[in-house]
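Okay, structure first, notes after.
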């Protein structure tokens with residue numbers, strides 16, 4: 001008699017755990033990843049989540065670029081534009097914005113949290 005009751009309690013506990021895993025955790029998730037985002041207005045938002053950004057390549061014109069990092073994940077992320085002083089930092093559900101002036105060329109960007117860039121959390125900004 002106690003065995004069916006124990007089984008029922010275990011199944012109920014697993015079901016509740018599964019429902020908790022499906023919740024958003026309070027932060028808005030990122031949109032689907034795209035290969036290229038182009039901006040002519042000098043501003044762009046990049047969303048970071050579990051070891052990925054929502055874009056591989058950003059295409060812009062030379063000059064000032066306002067970048068917003070929106071963290072749609074559940075862990076801390078950064079966005080560092082190499083060869084510039086810009087490094088944005090955002091906790092889960094938060095955003096950070098900064099401006100950088102870019103000359104014609106290609107600039108790598110990545111998350112500087114240890115292991116994130118190596119796992120694929122990186123991209124390029126193509127200025128031309």
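Please treat every number below as a calculation from the coordinates, not as lab data. In this text, all values refer to a predicted model and were calculated from it rather than measured experimentally. Glycine also receives a Cβ, built like all others from the backbone with ideal geometry; neighbour counts cover every protein chain displayed.
Give me 53, 109 sorted ascending by neighbouring Cβ count inside 10 Å, so fewest comes first. Kindly include the intermediate steps, with their values, before the conclusion.
Working: 53 23, 109 26.
Fewest to most other Cβ atoms nearby, the residues stand as 53, 109.
Just need the Rg to Rh number for segment 50-117, please, alpha carbons only, Kirkwood Rh. Kindly include the intermediate steps, with their values, before the conclusion.
Numbers: Rg = 11.9 Å, Rh = 12.5 Å.
Across segment 50-117, the Cα-based Rg/Rh ratio is 0.95.
Residue 119 to residue 38: FRET efficiency via 1/(1 + (r/R0)^6), r the Cβ-Cβ distance, R0 22 Å, to the nearest 0.05? Kindly include the intermediate steps, with their values, before the conclusion.
On the way: r = 26 Å, r/R0 = 1.18.
In this case the efficiency is close to 0.25.
Using 0.36 nm times the number of residues separating residue 76 and residue 95, minus their current alpha carbon distance, what extension gain do you get? Don't skip to the end; give the middle numbers.
Values: separation 19, 0.36 × 19 = 6.84 nm, distance 1.07 nm.
Contour length minus Cα-Cα distance gives 5.8 nm.
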Inset, instruction - State, to one decimal in nm, how far the label point of residue 59 lies from the label point of residue 126, with both points 7 Å from Cα in the Cβ direction. - result: 0.6
Legend entry - Debye-sum result for segment 27-69 in log10 I(q)/I(0), which assumes one identical scatterer on each alpha carbon, at q = 0.32 Å⁻¹: -1.21
Inset, instruction - Give the peptides 32-45, 71-84, 95-108, 113-126 in descending order of average Cβ contacts within 10 Å, highest first. - result: 71-84, 113-126, 95-108, 32-45
